[in-house]
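A short write-up of the structure that comes next.
The values are calculated or read from the model by the stated rules, or taken from the named source; none is laboratory data. Since this is a predicted model, take the numbers as computed values, not measurements. Note that we place each Cβ from the backbone using ideal geometry, even for glycine, and neighbour counts take in every protein chain shown. Heads up: the accessible areas ignore ligands, DNA and RNA and are worked out on the full protein's heavy atoms, side chains in. Shrake-Rupley method; radii C 1.70, N 1.55, O 1.52, S 1.80 Å.
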Amino acid sequence: MAKQDVAAGDMLHGFRVERVEALPELRAQASMLRHAKSGARLLHLLSDDPENLFAIALRTPPPDDTGLPHILEHTVLCGSRRYPVKDPFVELLRCSLATFLNAMTYPDKTVYPCASMVERDFFNLAGVYCDAVFHPLLTENHFRQEGHHLDFAEPGNPASPLVVKGIVYNEMKGAYSDLDGTIDRWLAKSVCPGTAYGRDSGGDPDAIPGLSYADFTAFHRRYYHPSNSFIFAYGNLPLSRHCAFLDPVLSEFDAAEIDTSIASQPRWIEPVRRTIAYPIPENEASAAKAAVTVSFLANDATDGIRTLAMHLLDSYLLGHAGAPLRKALIDSKLGEELTHSGYQDYQRDTTFTIGLKGCDPRHATDIEELTLNTLRKLSREGFNKARMESSFHQLELASREISGQFPLRLMDRAYRCWLYDSDPLRHLRLGEHLAELRRRWETEPRFLEKILEESAASNPHYSVLTFVPDASLAARCETEFSKRMAAVKAGLSPHELLAVEKEARELEEMQSC
């Protein structure tokens with residue numbers, strides 16, 4: 001097992017070592033550190049794996065539905081202080097030996113990971129990422145290009161209608177344009193309306209044009225600071241090498257008090273029900289095109305045992321055609337197929353969702369009652385031991401599997417606790433937790449049945465969403481949008497209209513270079 005000579009209390013290139021712990025099932029040694037000057041956190045997993053991963057995560061709870069974290073994630077990658085080129089990451093892809101290179105916006109965080117098996121290439125990638133995150137150019141043109149800007153329906157013709165363009169704006173219009181995208185946008189929002197999860201970090205197209213450049217840059221100044229960063233490193237490169245690399249990067253900053261903690265959703269005493277329209281083509285029949293979802297607020301993601309138990313129950317209830325909840329729903333003929341269903345633990349407030357699509361919206365109550373009755377029957381009568389053993393076996397195999405992008409899986413596990421001020425090693429000890437889960441299942445009467453009862457069967461904190469097809473929705477939205485744009489255009493002077501045209505062509509030219 002990989003090991004290095006370092007102990008709690010040691011100082012290493014500006015970092016104070018806070019904790020060192022062996023992770024035998026990963027054949028790795030974990031070191032947790034804090035950078036003394038900037039306040040940055042570092043978790044390093046030393047292993048014998050030659051693929052090294054570096055990631056910077058920042059807590060970025062969205063303040064509204066304008067997609068600010070998403071637009072910022074895009075714009076950060078449009079050049080930085082040391083690399084003031086149009087798209088440094090396209091250039092990296094051309095010449096790097098990277099095994100992974102990306103950036104991701106989550107409901108409550110933004111993550112910038114990169115990986116390589118070549119040390120020099122790895123630190124070059126990490127250097128570009130650090131400069132992008134902490135010293136991006138963030139020009140107003142980049143903001144307009146990635147976020148939103150005005151243009152004319154006929155480019156070059158100011159007499160044509162005014163429209164909104166932007167890379168994220170167009171991306172999110174696509175995300176809201178079909179059933180699956182609409183369901184995905186609403187599930188967490190429906191059960192967590194009082195927290196960051198009640199807002200769309202990706203951006204609602206109707207709200208995106210309301211984001212100002214001033215608010216955009218202020219968000220970066222507040223959240224993209226080392227004191228709000230969680231740096232994850234994995235692989236066979238020694239800790240001292242990482243610390244020596246990071247110290248000069250981070251030492252430009254002084255530690256700051258930044259409250260970015262992610263609050264939990266207060267619990268309800270009764271469910272909520274809502275009907276939501278989604279667009280379908282005007283010439284398409286709407287019969288049997290509805291969908292119904294039942295989403296429960298489950299547990300805090302930092303609860304390792306309960307999180308594993310919910311994954312186990314997900315497998316037992318929905319994991320195959322004969323799984324009891326899946327079978328009950330399909331056999332009911334109340335819908336044609338399941339929506340994306342199951343347990344989700346990618347945010348602090350985890351959720352368990354069951355849904356059917358290809359439904360009649362009048363059957364929403366029947367689907368809700370069938371779901372609850374099936375869950376209550378299972379929690380009351382208990383589980384089939386052989387089938388539960390099979391679900392255990394699948395979960396145990398998955399926990400030991402070393403598949404493609406294994407370092408990213410470890411990163412995700414660490415962030416699921418670390419970002420919520422809990423032990424980042426908790427979900428890295430899956431073997432220990434699975435053994436504990438099995439022990440409790442075998443020795444505590446009705447252990448899993450009680451978890452199912454508390455999380456779903458008798459849990460009043462759930463939403464029932466009925467997604468109804470509307471063939472005229474797209475046309476109505478377009479009409480409303482056209483009216484708003486006409487009003488905006490009417491308020492612009494001839495000089496301002498020429499400025500819109502000039503800026504739009506400049507952005508077009510910038511993108512084509």
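Could you say whether any residue in the stretch 319-328 is at pLDDT 95 or above, more than 30 Å from residue 424 (Cα to Cα) and open to solvent by less than 10 Å² (accessible area, probe 1.4 Å)?
Yes, because at least one residue in the stretch 319-328 is at pLDDT 95 or above, more than 30 Å from residue 424 (Cα to Cα) and open to solvent by less than 10 Å² (accessible area, probe 1.4 Å).
Test residue 105 against the criterion of being closer than 18 Å to residue 408 by Cβ, in contact with a His (Cβ under 9 Å, 6 or more places away or on another chain), open to solvent by 20 Å² or more (accessible area, probe 1.4 Å) and modelled with pLDDT of 95 or more, and give yes or no.
Values: closer than 18 Å to residue 408 by Cβ: yes; in contact with a His (Cβ under 9 Å, 6 or more places away or on another chain): yes; open to solvent by 20 Å² or more (accessible area, probe 1.4 Å): yes; modelled with pLDDT of 95 or more: yes.
The answer is yes for residue 105.
Has the stretch 123-136 got at least one residue that is in contact (Cβ under 8 Å) with a residue 24 or more places away in the chain, outside any helix (DSSP H, G or I), open to solvent by 50 Å² or more (accessible area, probe 1.4 Å) and not charged (D, E, K, R)?
There is no residue in the stretch 123-136 that is in contact (Cβ under 8 Å) with a residue 24 or more places away in the chain, outside any helix (DSSP H, G or I), open to solvent by 50 Å² or more (accessible area, probe 1.4 Å) and not charged (D, E, K, R).
Hey, can you tell me all the residues within the stretch 362-373 that are of a type in the set (Val, Ile, Thr) and open to solvent by 20 Å² or more (accessible area, probe 1.4 Å)? Walk me through it before giving the result.
Filtering the stretch 362-373 for residues of a type in the set (Val, Ile, Thr) gives 365, 367, 371.
Hit for the stretch 362-373 is 365, nothing else.
Would you mention how many residues in the stretch 171-206 are open to solvent by less than 30 Å² (accessible area, probe 1.4 Å), among the small types (Gly, Ala, Ser) and out of contact with any Cys (no Cβ under 9 Å at 6 or more places or on another chain)?
Count: 8.
Can you run down the residue pairs with Cβ atoms below 7 Å, 6 or more apart or on separate chains, where the first is in the stretch 245-257 and open to solvent by 30 Å² or more (accessible area, probe 1.4 Å) and the partner is not in a loop (DSSP other than H, G, I, E, B)?
245/123; 245/126; 249/130; 253/226; 255/227; 256/227
For the stretch 426-485, which residues satisfy the criterion of being in a loop (DSSP other than H, G, I, E, B) and over 26 Å from the mean Cα position of the chain (by Cα)?
444, 445, 446, 458, 471, 472
Just to be sure I understand, how many residues within the stretch 387-441 are among the small types (Gly, Ala, Ser), over 21 Å from residue 99 (Cβ atoms) and modelled with pLDDT of 90 or more?
Here is the first cut: in the stretch 387-441, the ones among the small types (Gly, Ala, Ser) are 390-391, 398-399, 403-404, 414, 422, 431, 435.
Okay, now just the ones that are also over 21 Å from residue 99 (Cβ atoms), so 390-391, 398-399, 422, 431, 435.
The next check asks that each one be modelled with pLDDT of 90 or more; those that pass are 390-391, 422, 435.
Residues that pass the stated criteria total 4.
Against the condition closer than 30 Å to residue 194 by Cβ and under 26 Å from the mean Cα position of the chain (by Cα), how does residue 79 come out, does it pass? Show your work before the answer.
Numbers: closer than 30 Å to residue 194 by Cβ: no; under 26 Å from the mean Cα position of the chain (by Cα): yes.
Answer is no for this residue.
Of (1) surrounded by fewer than 23 Cβ atoms within 10 Å (Cβ to Cβ); (2) in contact (Cβ under 8 Å) with a residue 60 or more places away in the chain; (3) of a type outside the set (Gly, Ala, Ser), residue 34 satisfies all except one. Which?
Exception for residue 34: condition (2).
Being free of Cβ contacts under 8 Å to residues at least 12 places away in the same chain and of a type in the set (S, T, N, Q) is the requirement here; does residue 373 meet it? Can you show your working first?
Working: free of Cβ contacts under 8 Å to residues at least 12 places away in the same chain: yes; of a type in the set (S, T, N, Q): yes.
Answer is yes for this residue.
Quick test of your reading of the structure: residue 366 fulfils all but one of (1) under 23 Å from residue 193 (Cα atoms); (2) acidic (Asp, Glu); (3) modelled with pLDDT of 95 or more. Name the failing condition by number.
(1)
From the list 350, 293, 339, which residue is touching a helix residue (DSSP H, G or I) at 6+ places or on another chain (Cβ under 8 Å), under 19 Å from residue 420 (Cα atoms) and crowded, with 18+ Cβ neighbours inside 10 Å?
Working: 293 fails: under 19 Å from residue 420 (Cα atoms); 339 fails: under 19 Å from residue 420 (Cα atoms).
So the residue among 350, 293, 339 that is touching a helix residue (DSSP H, G or I) at 6+ places or on another chain (Cβ under 8 Å), under 19 Å from residue 420 (Cα atoms) and crowded, with 18+ Cβ neighbours inside 10 Å is 350.
If you scan the stretch 86-102, which residues turn out to be open to solvent by less than 40 Å² (accessible area, probe 1.4 Å) and without any contact (Cβ under 8 Å) to a residue 12 or more places away in the chain?
none
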